[in-house]
1. Highest mean first, how do 324-330, 51-57 rank when packing is the count of other Cβ atoms within 10 Å averaged over residues?
2. Calculate the tail of P(r) for region 213-350: the fraction of all Cα-Cα distances greater than 27 Å, expressed in %.
3. At what distance in nm do the modelled label points of residue 15 and residue 239 sit from each other, each positioned 7 Å from its Cα along Cα→Cβ?
4. Can you order the peptides 2-9, 159-166 by their average number of other Cβ atoms within 10 Å per residue, highest first?
5. Rounding to the nearest 10 and keeping the result within 0 to 90°, find how far the Cα-based axis of helix 166-183 lies from the longest principal axis of the chain.
6. Projecting each Cα onto the charge dipole of the chain (Lys/Arg +1, Asp/Glu -1 at the beta carbon, about the Cα centre), which of 41, 333, 111 comes out farthest on the positive side?
7. Taking the Cβ of residue 159 as the center, what net charge do the other residues with Cβ under 9 Å away carry, scoring Lys and Arg +1 and Asp and Glu -1?
8. Order 87-100, 260-273 from most to least packed using the mean count of other Cβ atoms within 10 Å.
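Bear in mind these aren't lab numbers, they're just calculated from the coordinates by the rules spelled out. These numbers come from a predicted model, not from an experiment. As a convention, Cβ positions derive from the backbone with ideal geometry for all residues, glycine included, and neighbour counts pool all protein chains shown.
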Amino acid sequence: NISPDLPQIRQLDDAAINRIAAGEVVERPASAVKELVENALDANARRIEVAYADGGKTLIRVTDDGHGIAAEQLPLALSRHATSKIDGSDLLDIHSFGFRGEALPSLGAVGRLTIRSRAGAEGAQIAVAGGLTQPVKPTALSQGTVVELRDLFYATPARLKFLRSDRAETQAITDVVKRLAMAEPFVGFTLRDVSGGGEGRVTFRADPESGDLFDALHGRLARILGNDFADNSLKIDAEREGFHLTGYAALPTYSRGSALAQYLFVNGRPVRDKLLYGALRGAYADFLSRDRHPAAALFIDCDPHLVDVNVHPAKSEVRFREPGLVRGLIVSALRHALADAGHRASTTVAG
Ligand code: ADP
Ligand code: MG
């Protein structure tokens with residue numbers, strides 16, 4: 001006989017499961033913005049607008065002109081582990097930002113979420129709040145998707161208490177948008193503070209860049225990091241055994257007192273990775289004193305099988321199949337570019 005004192009195992013309901021998952025995926029307003037902007041990029045949007053109020057705590061709205069979601073698929077977009085991006089047969093073959101099918105259901109579990117989308121002739125919308133989903137209904141909309149998240153964490157007061165000031169949360173949102181904007185120079189981004197209602201005010205804007213990849217990237221980096229960075233940085237373009245390294249790295253004379261201006265991307269994904277930061281430091285070791293930090297925006301691209309982005313739901317960590325190779329590529333490409341620039345500078349002076 002089973003003792004009445006024995007703990008009972010019960011299946012959690014969907015709302016609870018989604019709230020637990022949300023704890024992993026949505027730490028603060030900026031994480032919601034990241035998920036929504038990545039979804040817009042995955043939908044091949046050419047223009048993306050992010051509006052927020054009160055540091056994103058009361059409202060986050062991401063509008064894109066991407067391929068949209070068909071009305072009959074809207075409920076699926078809100079169900080857990082439902083995604084259009086992978087079929088699950090090869091978790092290392094990932095070409096999109098998303099693949100877990102967790103962001104929208106998670107956001108719907110911790111805020112009031114409305115998705116309006118138009119993929120064909122007519123738009124439709126679906127809304128979810130507190131785990132309760134409203135039926136799909138038609139709505140007037142131009143091509144693309146508008147995802148609106150109100151009152152983030154209203155259902156989880158413990159999380160709400162951990163949020164920082166509106167100013168700090170706004171800063172984090174801005175940082176997320178700028179990082180993604182660096183990796184997507186051909187896409188236009190607008191950031192708008194709509195606290196207090198109305199049109200609000202644009203706090204950041206980057207129009208779509210044109211030209212070849214390096215032109216576009218250079219223009220976008222000038223926009224985000226400033227003309228000073230763009231004018232004082234070296235073009236990096238190197239390849240080794242399937243790994244491509246591109247981007248711009250600052251001259252040693254443009255170094256910073258902190259490592260804040262180091263932007264690293266793997267297959268288009270902004271990452272904060274110890275190995276990559278270490279490689280950057282190593283490359284400049286002969287050119288900078290220890291208390292100075294190089295500014296750089298570097299992009300590593302490789303076959304998705306050579307890197308695991310599946311390490312953490314927030315996905316800012318990656319694991320390379322051959323870390324030594326990546327480190328060597330970065331160190332040697334940057335050293336060459338720096339030595340070359342130094343050589344050019346000294347011959348200019350001499351000549
Ligand atoms: P994932 O991005 O991991 O697939 P999400 O929960 O973020 O999971 O989104 C679920 C699905 O909803 C996506 O796979 C995609 O098909 C659709 N979707 C979400 N946002 C957009 C968008 N902005 N435009 C078009 N489709 C979208
Ligand atoms: Mg997603």
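1. 51-57, 324-330
2. 18
3. Modelled inter-label distance: 5.5 nm.
4. 159-166, 2-9
5. In the chain, helix 166-183 runs at an angle near 60 degrees to the longest axis.
6. Positive-end residue among those listed: 111.
7. Computed value for this residue: +1.
8. Result, highest mean Cβ count within 10 Å first: 260-273, 87-100.
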